[in-house]
Amino acid sequence: NNEKSVPQLLIRDLKFEKKSLAKLMFSPDQENHPSKAPVKYGELIVLGYNGSLPNGDRGRRKSRFALFKRPKPNGVKPSTVHIACTPQAAKAISNKDQHSISYTLSRAQTVVVEYTHDSNTDMFQIGRSTESPIDFVVTDTVPGSQSNSDTQSVQSTISRFACRIICERNPPFTARIYAAGFDSSKNIFLGEKAAKWKTSDGQMDGLTTNGVLVMHPRNGFTEDSKPGVWREISVCGNVFSLRETRSAQQRGKMVENETNQLQDGSLIDLCGATLLWRTAEGLSRTPTVKHLEALRQEINAARPQCPVGFNTLAFPSMKRKDVVDEKQPWVYLNCGHVHGYHNWGNKEERDGKDRECPMCRSVGPYVPLWLGCEAGFYVDAGPPTHAFSPCGHVCSEKTTAYWSQIPLPHGTHTFHAACPFCAHQLAGEQGYIRLIFQGPLD
């Protein structure tokens, strides 16, 4: 194994045609609607899906959801506050045609806050319920699941009416997030056990059972991004430090100098699924699927080879992103050497998981490589030179570095870094590895 005689290349050494790729960099909106495009506020992308749900995107259940300006505004804002002495009186106040939030303080007292129409905003609702008030139906993400049958056995922790996003209809089209969504009878109901309180200006506020957490990255969603701090958002959109555990009765401290305004790259956690918010402007600077496809073709055109079988390797097309292809590149996760699939170094006593790399003899997991196809997760348009460990999803170096630093909520009180394309918890020192390809010998 004389390593020096073998030509090795890193993908970054390939001469990427910058000009041809630059042409592919403009956003899908500009491609499809050169003139009267509807105003797009932004998109929500669910972490853990590489471009679409396992069984395909259908209706309001999909891996990404675009928020467009509505033909008619449907936003609401708080108006009258009623204090009712009995639950019956509270029911009478909360009229089916008017939005309201009911705060049950005790058996003897409920406060009902009526909401009135707001012609300056559009409202979008997210949750697990398939009832008509929900615009984007989100189910629990099971790491690495290939089909919905994997996900249905889990008892969901996502609220049926989890949260709502209110977007200003006029520039700069500010989007704000609030915990809880209105149900089919236009009501949000905070029961006796929910954390709730009276604010200094005499209004009511509260938290939902498992809470809605938000993290705004520092320096926007760019190659210079750094993780921000996770906060909890209340029903009225106020910002709090996290509770001790997800559903603790005691709220965190109010964070006065932060707001519920979403920024490009804000993460929204619904306790079971995490969503990435991308603004329309941010998406216009993000690589398109066409750009990623061009990068895939560039790698394949360089004809990387397996150092053992000398066969040419190729990343399969984006559509075939779950089936291992015979030309598929595989990687030894400890060293980054890329091979084709082979049985070399498979030692029985290592329970089949760890293998010895024929190039450098380092021992570790050996996995197939997959291209990250969800362009919205990329912080830059760099070539796919690095892979997340242990799942083998490949993207740019800065994208792997960014996501490996983000502590994502897991369960009710833990956080860990995960691959944005499949939600697998990251392993190893960094959570990702630089890929070393071998060039053709001719």
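The values are calculated or read from the model by the stated rules, or taken from the named source; none is laboratory data. Because the structure is a prediction, the values reported are computed rather than measured. Cβ: placed from backbone, ideal geometry, glycine included. Neighbour counts: every protein chain shown. To get the accessible areas, we keep the full protein, side chains included, count just its heavy atoms, and leave off ligands, DNA and RNA. Shrake-Rupley method; radii C 1.70, N 1.55, O 1.52, S 1.80 Å.
Checking ALA418 against (1) over 20 Å from the mean Cα position of the chain (by Cα); (2) of a type in the set (Gly, Ala, Ser); (3) modelled with pLDDT of 95 or more, which single condition isn't satisfied?
With (1) over 20 Å from the mean Cα position of the chain (by Cα); (2) of a type in the set (Gly, Ala, Ser); (3) modelled with pLDDT of 95 or more applied to ALA418, the lone miss is (1).
Out of (1) in a loop (DSSP other than H, G, I, E, B); (2) modelled with pLDDT under 95; (3) surrounded by 16 or more Cβ atoms within 10 Å (Cβ to Cβ), the odd one out for ARG361 is which?
All conditions pass for ARG361, except number (3).
Give me the strands (runs of 3 or more DSSP E) completely within the stretch 116-234, filtered to those with at least 3 residues that are closer than 23 Å to VAL81 by Cβ, ordered by residue number.
Because the criterion is at least 3 residues that are closer than 23 Å to VAL81 by Cβ, the strands (runs of 3 or more DSSP E) in the stretch 116-234 that meet it are 121-127, 163-168, 175-179, 187-190, 196-198, 204-206.
Are any residues in the stretch 138-159 surrounded by fewer than 18 Cβ atoms within 10 Å (Cβ to Cβ) and modelled with pLDDT of 95 or more, and if so, which ones?
none
Any residue at all in the stretch 286-309 that is free of Cβ contacts under 8 Å to residues at least 12 places away in the same chain and within 28 Å of LEU67 (Cβ to Cβ)?
no
Cβ-Cβ below 6 Å, separation at least six or inter-chain, first residue in the stretch 412-430 and within 21 Å of GLU232 (Cα to Cα), second open to solvent by less than 70 Å² (accessible area, probe 1.4 Å) and among the small types (Gly, Ala, Ser): which pairs?
ALA417/SER404; ALA417/GLY431
Residue check: is ARG64 within 25 Å of ALA273 (Cα to Cα) and open to solvent by 40 Å² or more (accessible area, probe 1.4 Å)?
It is true that ARG64 is within 25 Å of ALA273 (Cα to Cα) and open to solvent by 40 Å² or more (accessible area, probe 1.4 Å).
Right, ASP269: touching a Ser or Thr at 6+ places or on another chain (Cβ under 8 Å), of a type in the set (Asp, Glu) and buried (at least 20 other Cβ atoms within 10 Å of the Cβ) or not?
Judged against the criteria, ASP269 is not a match.
Against the conditions (1) open to solvent by 50 Å² or more (accessible area, probe 1.4 Å); (2) small (Gly, Ala, Ser); (3) in a strand (DSSP E or B), where does GLY428 fall short? Just the number, please.
(3)
In this structure, does TYR366 turn out to be farther than 25 Å from GLN297 by Cβ and either open to solvent by less than 30 Å² (accessible area, probe 1.4 Å) or within 17 Å of the chain's Cα centre (by Cα) (or both)?
Here the answer is yes, as TYR366 does meet what is asked.
Determine if the stretch 263-274 includes at least one residue that is aliphatic (A, V, I, L, M), more than 27 Å from LYS77 (Cβ to Cβ) and in contact (Cβ under 8 Å) with a residue 40 or more places away in the chain.
Looking for residues that are aliphatic (A, V, I, L, M), more than 27 Å from LYS77 (Cβ to Cβ) and in contact (Cβ under 8 Å) with a residue 40 or more places away in the chain, one finds at least one in the stretch 263-274, hence yes.
Go over the candidates ALA248, ALA301, ALA280 one by one and state the one that is open to solvent by 10 Å² or more (accessible area, probe 1.4 Å), farther than 25 Å from CYS422 by Cβ and modelled with pLDDT of 95 or more.
Just one listed residue meets the conditions, ALA280.
Out of SER225, SER184, I need the residue that is in contact with a helix residue (DSSP H, G or I) (Cβ under 7 Å, 6 or more places away or on another chain), of a type outside the set (A, V, I, L, M, F, W, C) and in the same structural domain as SER102 (by the TED database). Which one?
It is SER225.
Can you go through THR222, THR174, THR199 and tell me which one is surrounded by fewer than 18 Cβ atoms within 10 Å (Cβ to Cβ), under 17 Å from the mean Cα position of the chain (by Cα) and not basic (Lys, Arg)?
Residue meeting the stated conditions: THR222.
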